[in-house]
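Read the structure below first, then the notes.
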Amino acid sequence: MGPSAWLTGSVSDELTLAELAAATDLSERTIRYYQAEKLLPRPLKRGREAVYHSDHIERLRLIVDLRDRGLSLGTIRDLVTSADPSSTVAAWLGMDAVLRAPWSADRPRTASYDEVRDLVAGYPAGTLADLIESGFVRDERDGTWTIPSPALMDHALALRAAGVDVDVAAAIVSLLRRRLSKAVTDTVKLLVKRAGAGFGPSAEADDLAQALAALRPVAREMAGLILAQEVERALAVLAEDQPRQFRARTSPPAD
């Protein structure tokens, strides 16, 4: 659907309110509400009867689409009542697609019980129960199993093969997620603040999309590098400040 159709003001294909409701699968009450909220242009008048047209259909479909994307009515109003609604909405839709683009290929996977059992074949008894308890695998109780993050589960199994318990792997994931969540939120706030002035040559959608595309692989590499550097630092501190305690935990018991 092209955004220019929302603004033409054509009076062709005249519709009553009931016909508009039927054409958009919305109630008459909802249409009146959108009109009162200044999201929808007021209808024309033919005598005492309100007359709508095809542009009202397109605007209502746009409102529903934006609502489905999670936008508030206030934000939608700002978009459709801007100086150039067609360009504003089109730019936002393009930026929305960029912002919602995945940063990893890791997506939930549905598996059968046999597939799940095959994944833990060769691991110590109880590994599947540990994966379930730690949230790496979920029994849907309908014959299917969900693996919320196949990549994280693979990492947990790799650690289990090295002697690291599954619950320790889960604790690491939880700790990293809590700490990284704030860092990522602050990073996004920084990008929003510097949009067009330090992040992207301008605040236009195309420029920001290009900047985000360049940031995506760099951010992943930067995060991994910084994490590795911080692990090195923390282990160096441990080795320097607590040598006796560390050795006591790792040394074999005396005969």
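Bear in mind that the values in this text are calculations on the coordinates, not laboratory data. Keep in mind the model is a prediction, meaning the values are calculated, not measured. Because the Cβ atoms are built from the backbone with ideal geometry, glycine has one as well, and the counts that use them run over all protein chains shown.
Compared with the direct C-alpha span, the chain from residue 213 to residue 154 gains 18.5 nm at full extension, assuming 0.36 nm per residue. Here the 3J(HN,Hα) profile of the range 149-164, calculated from phi with Karplus coefficients 6.51, -1.76 and 1.60 at θ = phi - 60°, is 9, x, 5, 5, 5, 4, 5, 4, 5, 5, 5, 4, 5, 8, x, 9 Hz, Gly and Pro shown as x. Given R₀ = 51 Å, FRET efficiency for residue 42-residue 194 by Cβ-Cβ distance, to 0.05? After rounding to 0.05, the efficiency reads 0.80. Sparsely packed loop sites in the range 96-180 (the chymotrypsin sites (Phe, Trp or Tyr not before Pro) outside DSSP H, G, I, E and B with at most 15 other Cβ atoms within 10 Å) comprise 103.
Shown is the FRET efficiency for residue 49 and residue 229, computed with R0 = 41 Å from the Cβ-Cβ distance and rounded to the nearest 0.05: 0.05. Toward the positive end of the charge dipole of the range 160-203, with +1 on the Cβ of Lys and Arg and -1 on the Cβ of Asp and Glu, the farthest Cα among 191, 168, 203 is that of 203.
For residue 15, the amide hydrogen comes within under 5 Å of the amide hydrogens of 52, 53, counting only partners 5 or more places away or on other chains and with H modelled in the peptide plane.
Please say if the range 104-174 is rounded, prolate or oblate, where rounded means a/c under 1.5 for a ≥ b ≥ c the square roots of the C-alpha gyration tensor eigenvalues, and otherwise the choice is prolate for a/b larger than b/c and oblate otherwise? Verdict is oblate for the range 104-174. Computed 3J(HN,Hα) for the range 94-108, one whole-Hz value per residue from the Karplus formula 6.51 cos²θ - 1.76 cosθ + 1.60 where θ = phi - 60°, is x, 5, 4, 5, 5, 5, 8, 5, x, 9, 8, 8, 7, 10, x, glycine and proline marked x.
Between 64, 231, 218, the residue with the greatest mean-square fluctuation in the GNM of the chain (Cα pairs under 10 Å linked by springs) is 231.
So what is the relative contact order for the range 3-99, in percent, with contacts set as C-alpha pairs under 8 Å and at least six apart?
Contact order relative to length: 34 percent.
Loop sites by DSSP among the GluC sites (Glu not before Pro) of the chain, restricted to those with at most 13 other Cβ atoms within 10 angstrom, leave 141-255 as the longest stretch without any of them. Its relative contact order, with pairs defined as Cα atoms under 8 Å and 6+ residues apart, puts the chain at 13 percent. Between the alpha-carbon centres of the range 103-180 and the range 41-63 there is a gap of 54 Å. Report, in degrees rounded to the nearest 10, the 0 to 90 angle that the Cα long axis of helix 166-193 makes with the longest principal axis of the chain. Approximately 40 degrees, to the nearest 10. Once Rg and the Kirkwood radius are both taken over the C-alpha atoms of the chain, their ratio Rg/Rh works out to 1.17.
Label-to-label distance for residue 97 and residue 240 is 5.2 nm, based on points extended 7 Å past Cα in the beta-carbon direction. The charge dipole of the chain, taken about its Cα centre with unit charges on the Cβ of Lys, Arg, Asp and Glu (plus for the first two, minus for the last two), comes to roughly 860 debye.
Taking the Cα centre of the range 110-233 as origin, work out the dipole magnitude from +1 charges on Lys and Arg Cβ and -1 charges on Asp and Glu Cβ, in debye rounded to 20.
Taking the Cα centre of the range 110-233 as origin, the dipole is about 660 debye.
With a Förster radius of 25 Å applied to the C-beta separation of residue 30 and residue 82, the computed FRET efficiency comes to 0.65. Dipole size of the range 46-197 about its Cα centre, with +1 on Lys/Arg Cβ and -1 on Asp/Glu Cβ: approximately 840 debye, rounded to the nearest 20.
Here the Karplus relation 6.51 cos²θ - 1.76 cosθ + 1.60, evaluated at θ = phi - 60°, turns the backbone of the range 13-29 into coupling constants of 6, 5, 10, 7, 4, 5, 5, 5, 4, 5, 6, 10, 6, 10, 7, 4, 5 Hz, with x for every Gly and Pro.
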